[in-house]
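**Q** My questions will all concern the structure given below.
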Amino acid sequence: MITSIHLKHFKSHKNTNIELKNITLLCGENGSGKSSLIQSLLLLRQSFQKNRLDKVLSLNKPLCYIGEGKDALCSFAEEDTIKIEFGYQETIYQWIFDAGKGLTSDFIPYDKSNSKIYSNNELSLVPIFSNLFQYISAGRLAEYESDDYAIEIERQISLEEGKAELTAHFLDYYKNKKVITGLLHPVVKDDNSLIAQTTAWEQEICKGVKVHPKKVGDSYEIRYTFPSELGETDEYTTKNVGFGLSYALPVIVAILSSKPGSLLIIENPEAHLHPYGQAKIAELMSLAAQAGIQIIAETHSDHIINGVLVQNKKSVIDKENIKIWYFDRDEEQNASEVTEVELMGKGRIKKAPSGFFDQIGKDLRILMSTNPS
């Protein structure tokens, strides 16, 4: 498990240091640095995939696009170096990059004089660099593609920018894979295949729906059927069902196909889901985290936050396996400020930072007031 992340002079992160747990939730206002923190890990992975991490930080494709070195360097940085550091198990991995030598390039040179060179063999044991990793972005689309090598060897759901474009191919190829016991849907425990469990959790999004991965020509599609009094419906394409089904599908598949020691980065797991569906996704994420699958999730939904807290209240996930960080922006420094939301256990938080999902309280005070002005 990645235990910490330390960023210095990277984008909005002038000097950010956070601790991570089995499930780490990143929340806060837009433009406060949540995505940038995720991008720091994605940049390391894509540089490693290109066999360049011992030389440069590759800023563009396939996982994220930053631009040029000047776009990666923090405004008002005291020096033109970027540090990305994380703890994994008992080891601190650190990279320092000389942004001053790459301000107008799509890569930043590695400062070997101030950093250690890690072997590919060593790094391949860390989930962020292995096939125990999945990234699902907020921009996931139900426009599916196929890639035999990415599916069979790398076991990836996404090729570019976390779009989850391989979900249909992945689900078809691994449909009979056994899901670990801790993730089985409480109503469907007699069939632990990936396809049966995926369908069971999707039915929390839409009652009775069945998921059918299909090979169509050279590619793959997802079709959906629904029960009715007259029998099962014809198959519907993703364009003819609600967005929530296709947006939740890669999140569900990624979690159910993982094993302890895996790392999942998920942006906006709540996208296009009604509150009950969001709560069930939070439940599945909590089950996974308690089972030893690490999840880093960026969210703007109080239903996801509360959903995890409810699972803590129900003793599904231990308090010690949860971290919640609230991101804000220091307007004077134009830099991220990160505050831990401390947990007390039994689903309670100690003290909410100002701005932490407090809009509903503000709205209710106006609605209940006799003088709304």
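The values are calculated or read from the model by the stated rules, or taken from the named source; none is laboratory data. Predicted, not measured: the structure shown is a model, and the values here were computed from it. Counting neighbours? That spans all protein chains shown, and the Cβs are built from the backbone with ideal geometry, glycine included. Keep in mind that these areas ignore ligands, DNA and RNA; they rest on the heavy atoms of the full protein, side chains included. Shrake-Rupley method; radii C 1.70, N 1.55, O 1.52, S 1.80 Å.
**Q** Specify which of the listed residues (Gln134, Gln156) is touching a residue at least 40 places away in the same chain (Cβ under 8 Å), crowded, with 17+ Cβ neighbours inside 10 Å and touching a Leu at 6+ places or on another chain (Cβ under 7 Å).
**A** None of the others qualify; the one that does is Gln134.
**Q** Which one is nearest to Gln290 (Cα to Cα) among residues in segment 17-43 that are of a type in the set (Ser, Thr, Tyr) and open to solvent by 10 Å² or more (accessible area, probe 1.4 Å)? Outline the logic, then answer.
**A** Quick first cut of segment 17-43, residues of a type in the set (Ser, Thr, Tyr) only: 24, 32, 35-36, 40.
If we keep only those that are open to solvent by 10 Å² or more (accessible area, probe 1.4 Å) too, we end up with 35-36.
Details: Ser35: 24, Ser36: 26 Å.
Per the criteria, the residue is Ser35.
**Q** On the basis of being part of a loop (DSSP other than H, G, I, E, B) and either open to solvent by 20 Å² or more (accessible area, probe 1.4 Å) or closer than 24 Å to Leu287 by Cα (or both), does Glu143 make the cut? Before the answer, list the steps.
**A** Details: part of a loop (DSSP other than H, G, I, E, B): yes; either open to solvent by 20 Å² or more (accessible area, probe 1.4 Å) or closer than 24 Å to Leu287 by Cα (or both): yes.
Considered against the rule, which asks whether it is part of a loop (DSSP other than H, G, I, E, B) and either open to solvent by 20 Å² or more (accessible area, probe 1.4 Å) or closer than 24 Å to Leu287 by Cα (or both), Glu143 comes out as yes.
**Q** Taking Ala297, is it in a helix (DSSP H, G or I), within 30 Å of Cys206 (Cα to Cα) and modelled with pLDDT of 95 or more?
**A** Numbers: in a helix (DSSP H, G or I): no; within 30 Å of Cys206 (Cα to Cα): yes; modelled with pLDDT of 95 or more: yes.
In short, no.
This table checks each residue for (1) of a type in the set (A, V, I, L, M, F, W, C); (2) within 21 Å of the chain's Cα centre (by Cα); (3) closer than 19 Å to Glu283 by Cα; (4) modelled with pLDDT under 95.
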{"site": "Leu123", "(1), (2), (3), (4)": "yes, yes, no, no"}
{"site": "Ile157", "(1), (2), (3), (4)": "yes, yes, no, no"}
{"site": "Gly162", "(1), (2), (3), (4)": "no, yes, no, no"}
{"site": "Leu171", "(1), (2), (3), (4)": "yes, yes, no, no"}
{"site": "Ile180", "(1), (2), (3), (4)": "yes, yes, yes, no"}
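**Q** What are the residues in segment 180-217 that are charged (D, E, K, R) and either in a loop (DSSP other than H, G, I, E, B) or open to solvent by 20 Å² or more (accessible area, probe 1.4 Å) (or both), if any?
**A** Lys189, Asp190, Asp191, Glu204, Lys207, Lys210, Lys214, Lys215
**Q** Quick one: which residue in Gly261, Gly231, Gly307 is part of a loop (DSSP other than H, G, I, E, B) and either in contact with a Leu (Cβ under 9 Å, 6 or more places away or on another chain) or surrounded by 17 or more Cβ atoms within 10 Å (Cβ to Cβ) (or both)? Let's see the steps before the verdict.
**A** Details: Gly231 fails: either in contact with a Leu (Cβ under 9 Å, 6 or more places away or on another chain) or surrounded by 17 or more Cβ atoms within 10 Å (Cβ to Cβ) (or both); Gly307 fails: part of a loop (DSSP other than H, G, I, E, B).
One residue alone meets the criteria, Gly261.
**Q** OK, next. Going by the structure shown, is Glu283 modelled with pLDDT of 95 or more and open to solvent by 70 Å² or more (accessible area, probe 1.4 Å)? Please lay out each step first, then the result.
**A** Working: modelled with pLDDT of 95 or more: yes; open to solvent by 70 Å² or more (accessible area, probe 1.4 Å): no.
In short, no.
**Q** Search segment 352-373 for residues that are closer than 19 Å to Glu337 by Cβ and pair each with any residue that is surrounded by 10 or more Cβ atoms within 10 Å (Cβ to Cβ) when their beta-carbon atoms are under 6 Å apart and the residues are at least 6 apart or on different chains.
**A** Within 6 Å, the pairs are Pro353/Tyr326; Pro353/Thr339; Phe356/Tyr326; Phe357/Asp302.
**Q** While we're here: In segment 97-114, what count of residues is obtained for those that are under 15 Å from Lys8 (Cα atoms) and surrounded by fewer than 19 Cβ atoms within 10 Å (Cβ to Cβ)?
**A** Taking segment 97-114 first, the residues under 15 Å from Lys8 (Cα atoms) are 97-100, 108, 110-111, 114.
Checking the rest, the ones that are also surrounded by fewer than 19 Cβ atoms within 10 Å (Cβ to Cβ) come to 100, 111, 114.
Looking only at that region, the number is 3.
**Q** Another question, then. Going by the conditions given, is Lys319 more than 26 Å from Leu132 (Cα to Cα), open to solvent by 40 Å² or more (accessible area, probe 1.4 Å) and either among the basic types (Lys, Arg) or in contact with a Leu (Cβ under 6 Å, 6 or more places away or on another chain) (or both)? Quick ask: steps written out before the conclusion?
**A** Details: more than 26 Å from Leu132 (Cα to Cα): no; open to solvent by 40 Å² or more (accessible area, probe 1.4 Å): yes; either among the basic types (Lys, Arg) or in contact with a Leu (Cβ under 6 Å, 6 or more places away or on another chain) (or both): yes.
In short, no.
**Q** Then there is this: Are any of the residues in segment 115-130 in contact (Cβ under 8 Å) with a residue 60 or more places away in the chain, within 14 Å of Lys11 (Cα to Cα) and open to solvent by less than 60 Å² (accessible area, probe 1.4 Å)?
**A** no
**Q** Do we find that Tyr220 is at negative phi and either out of contact with any strand residue (DSSP E or B) (no Cβ under 7 Å at 6 or more places or on another chain) or part of a helix (DSSP H, G or I) (or both) in this structure?
**A** Working: at negative phi: yes; either out of contact with any strand residue (DSSP E or B) (no Cβ under 7 Å at 6 or more places or on another chain) or part of a helix (DSSP H, G or I) (or both): no.
No; evaluated as a whole, the condition is false for this residue.
**Q** Return the pair list, or none, for Cβ contacts closer than 8 Å from residues in segment 18-36 that are farther than 23 Å from Leu73 by Cα to residues that are among the hydroxyl-bearing types (Ser, Thr, Tyr) and open to solvent by less than 10 Å² (accessible area, probe 1.4 Å), at least 6 apart or on different chains.
**A** Ile23/Ser286; Leu25/Thr299
**Q** Among the residues of segment 46-77, what is the count of those that are closer than 29 Å to Gln333 by Cα, touching a residue at least 60 places away in the same chain (Cβ under 8 Å) and open to solvent by less than 60 Å² (accessible area, probe 1.4 Å)?
**A** So the answer is 7.
**Q** Right, next: Which residue out of Leu309, Leu343, Leu273 is closer than 20 Å to Met1 by Cβ and in contact (Cβ under 8 Å) with a residue 12 or more places away in the chain?
**A** Details: Leu309 fails: closer than 20 Å to Met1 by Cβ; Leu273 fails: closer than 20 Å to Met1 by Cβ.
Result of the check over Leu309, Leu343, Leu273: Leu343.
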